[in-house]
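**Q** Shown below is the structure under consideration.
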Amino acid sequence: MTDIFWISLGAVVGANLRFVVSNWAVHALSPSLPYGTLIVNTTGSFILGFFLIWTSERVLADPHWRLLVAVGFCGAYTTFSSYAFETLKLLEGSNYAAAAGNFLANNLLAFLAVLCGAVLARVAVQHAG
């Protein structure tokens, strides 16, 4: 039961932050493209890459932290299903260039973000040790 508590706690924070970031992006950037989803997927990938490397190579974290951050927070914060649906809607609206750009940007930036998070965590490990 305690595992479910940690996952749920992280999920509540992640889902609410996703809502806040997505609403901010609509108002601050543009409602014409799903910028909020792109921001969330990129930052969530960075957080996950950094956290998993940091807690496996730098510090031995209590397993509850992995449940809270990786499973709960990142699982609820990142929006792969939203991104896939938004890309479909762009295609159905004949916005082929926007759909392709959204597909490439989410995949490329999320991958680069998880890579950057992992590299940053490893650099921090080398300088601390």
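The values are calculated or read from the model by the stated rules, or taken from the named source; none is laboratory data. Note that the structure is a prediction, hence the values are computed from the model and not measured. Ideal geometry is used to build each Cβ from the backbone, glycine not excepted, and the neighbour counts take in all protein chains shown. The protein model used for the area step is the full one, side chains on, heavy atoms only, and it has no ligands, DNA or RNA in it. Shrake-Rupley method; radii C 1.70, N 1.55, O 1.52, S 1.80 Å.
**Q** I'd like to know if segment 80-88 contains one or more residues that are outside any helix (DSSP H, G or I), among the aliphatic types (A, V, I, L, M) and modelled with pLDDT under 95.
**A** No: zero hits.
**Q** Okay, moving on. Among what's in segment 58-79 and is small (Gly, Ala, Ser) and modelled with pLDDT under 95, pick the residue that is least open to solvent (accessible area, probe 1.4 Å).
**A** Among those that are small (Gly, Ala, Ser) and modelled with pLDDT under 95, it is Ala70.
**Q** Let me ask something else about it. Enumerate the pairs (first residue in segment 23-42 and more than 19 Å from Cys74 (Cβ to Cβ) and of a type in the set (Phe, Trp, Tyr); second residue anywhere and open to solvent by 80 Å² or more (accessible area, probe 1.4 Å) and assigned to a loop (DSSP other than H, G, I, E, B)) with beta-carbon separation below 7 Å, excluding pairs fewer than 6 apart on the same chain, so at least 6 apart or on different chains.
**A** Every condition considered, the pairs that remain are Tyr35/Leu29.
**Q** If you don't mind, there's one more thing I want to ask. Suppose we filter Val40, Val20 for residues that are exposed (fewer than 13 other Cβ atoms within 10 Å of the Cβ), in a helix (DSSP H, G or I) and of a type outside the set (S, T, N, Q); which single one remains?
**A** Val20
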